[in-house]
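Undergrad: Structure provided below as structure tokens; questions to follow.
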Amino acid sequence: MTTKVVKGSLWTLAGQVIPLGASIVATPFVIRLLGAEGYGVLILVGLIPTYLGFADMGMSIASTKFGSEAYAAGDAEREALTVRTAAVIAMFAAVPAATLIALSSDRLVTLFNVPDHLAAEAALALKVAAVTFVLNFLNAIFNTPQLARLRMDMNTLVTSGFRMAGIIATPIVIYLGGGLLGAVIVLLIASLATLIGHIWVSGRLLPQLLDITIDRSSIRPLLKFGAALVLSGIAGIVLVNAEKGMLSTLLSPKALAYYYVAFTLVNMMAMFSSAMVQSILPAFSQLQDSGARSHLNSLYSRGIRMNLIWLVPSLVSLSIIAKPFFTHWAGPDFGRESVLPFYIML
């Protein structure tokens, strides 16, 4: 199990690092094409839906947990029913939230201090982002058969492949005149392609998935487990994302752009641990269900140690390269404004 988790984590890590590399190449073009202010608005359009990131009622993780337990028990039908039921619950919760974002888009862009000359385009882009918001929830549910089998290679190829295509296409679309709205439409297309890919791959692994029935008896356990994740999601919004909206509201989207660039590079520190999560959650679910408590504890402690080993070297390396990297990558303004927030967050 440890070997499977490590292999899966490395696949997931590759799925984060490769798109990050593509983003490092593409982002300077996006910044220069849109300007710091326009780039800040683009970040804001993608950020606002995340404030309702708990709107799937925790079904992405609940699906992985209960689906992995069904897989460990050899019950393919229950696994498929779990995925479909979780998807229906998420849709019933997320669609109203996305509709609220779309209907409130004009007010939201005003609330977050979007400049007048970008307000109309930003409001329309936010409506498109609301659709992407729902698709992303479904992506995190329909990949459950891949996660349960620790087939992170398949999950990574589908998720990261279309994500990279979207990242590469974004500056091209902006250059061709698509502007802010074109960039958001590219992300919508990439998310839709990802969903189609996950349904196809998961359907190959679990043929029973391609049905339309749900399991009413599993709704209550899924919602009971998801309730704690909703509370966790709300806390995460406050702790992880609240300051970004405050920056745009109290200062400007340009200030958000300076901050977000620093925040993105700092997130590299969490890449390995977040890569482990996708593998370790189904592994924990299977070991807990089989009663192998000692193996579960051993896997947990190994995961902690693997993270600690690389933490300090990464901290030192990022602190050394920060100022010259920001200056040459995004421009002198970012080299001046992004470095201090970066050091504090690091």
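The values are calculated or read from the model by the stated rules, or taken from the named source; none is laboratory data. On a predicted model such as this, the values are computed, not experimentally measured, just so you know. Virtual Cβ from ideal backbone geometry, glycine too; neighbours counted across all protein chains shown. All accessible areas refer to the heavy atoms of the entire protein, side chains included, with ligands and DNA or RNA removed. Shrake-Rupley method; radii C 1.70, N 1.55, O 1.52, S 1.80 Å.
Undergrad: How much length is gained if the chain between K224 and I172 is pulled fully straight, taking 0.36 nm per residue apart and subtracting their Cα-Cα distance, in nm to one decimal? Write out the running numbers ahead of the final one.
TA: Values: separation 52, 0.36 × 52 = 18.72 nm, distance 4.48 nm.
The span from K224 to I172 would gain 14.2 nm if fully extended.
Undergrad: Here's another thing I want to ask about it. Would you kindly derive the ³J(HN,Hα) couplings of region 298-314 from the backbone phi angles with the Karplus curve 6.51 cos²θ - 1.76 cosθ + 1.60 (θ = phi - 60°), listing them in order in whole Hz, with x for Gly and Pro?
TA: Per-residue couplings from phi come out as 5, 5, 4, 5, 5, x, 4, 5, 4, 6, 5, 4, 9, 5, 5, x, 5 Hz.
Undergrad: Please find the FRET efficiency linking E77 to A292, where r is the Cβ-Cβ separation and R0 is fixed at 25 Å, and quote it to the nearest 0.05.
TA: Details: r = 24 Å, r/R0 = 0.97.
For R0 = 25 Å, the calculated efficiency reads 0.55.
Undergrad: Okay, next question. Ignoring ligands, DNA and RNA, what percent of the accessible area of region 86-135 is carbon or sulfur (1.4 Å)? Present the calculation step by step, with values, prior to reporting the outcome.
TA: On the way: 1710 of 2400 Å².
About 71 percent, which is the carbon plus sulfur part of the accessible surface.
Undergrad: Please compute the per residue accessible area over region 1-76 with all protein chains in place, 1.4 Å probe, rounded to a whole number of Å².
TA: 39 Å²
Undergrad: Percent of accessible area on region 148-252 owned by carbon and sulfur, 1.4 Å probe?
TA: 72 percent
Undergrad: Can you compute the modelled spin-label distance between I18 and D153, with each label point 7 Å from Cα toward Cβ, in nm?
TA: Rounded to a tenth, the inter-label distance reads 1.2 nm.
Undergrad: Quote the FRET efficiency, to the nearest 0.05, computed for D116 versus I320 with a Förster distance R0 of 45 Å and r equal to the Cβ-Cβ distance. The partial results should precede the final answer.
TA: Working: r = 41 Å, r/R0 = 0.92.
Once rounded, the FRET efficiency stands at 0.60.
Undergrad: State the percentage of accessible surface on region 21-64 attributable to carbon and sulfur atoms; use a 1.4 Å probe and exclude ligands, DNA and RNA.
TA: Carbon and sulfur together cover 73 percent of it.
Undergrad: Right, something else. If the elastic network links every pair of Cα atoms under 10 Å, which of H117, H198, H328 fluctuates the most in the Gaussian network model of the chain?
TA: So, out of H117, H198, H328, the one fluctuating most is H117.
Undergrad: Now for a different question. Show log10 I(q)/I(0) for the chain at q = 0.09, 0.15 Å⁻¹, two decimals, from a solvent-free Debye sum over equal Cα scatterers.
TA: -0.51, -1.39
Undergrad: A further question on this structure: Using θ = phi - 60° and the Karplus form 6.51 cos²θ - 1.76 cosθ + 1.60, what ³J(HN,Hα) does each residue of region 156-162 get, whole Hz, x for Gly and Pro?
TA: In residue order, the calculated couplings are 5, 4, 6, 5, 6, x, 6 Hz.
Undergrad: Right, another one. Of the candidates E37, E69, E77, which one comes out as most mobile in a Gaussian network treatment of the chain with C-alpha springs shorter than 10 Å?
TA: Of E37, E69, E77, the Gaussian network model singles out E77 as fluctuating most.
Undergrad: Given R₀ = 35 Å, what would the calculated FRET efficiency be for H328 paired with F92, taking r from the Cβ atoms and rounding to 0.05? List each step's numbers first, then the result.
TA: Values: r = 48 Å, r/R0 = 1.37.
It comes to 0.15.
Undergrad: Additional query: Mind checking which of S274, L251, L239 is farthest towards the positive end of region 238-324's charge dipole, using Cβ charges of +1 (Lys, Arg) and -1 (Asp, Glu) about the Cα centre?
TA: My answer, from the dipole projection, is L251.
Undergrad: Hey, another quick one. Once you have the Cα-Cα distance between N307 and L250, take 0.36 nm times their residue separation minus that, and quote the gain in nm to one decimal. Provide the component values of the computation, followed by the final result.
TA: Numbers: separation 57, 0.36 × 57 = 20.52 nm, distance 3.65 nm.
So the chain would gain 16.9 nm between N307 and L250.
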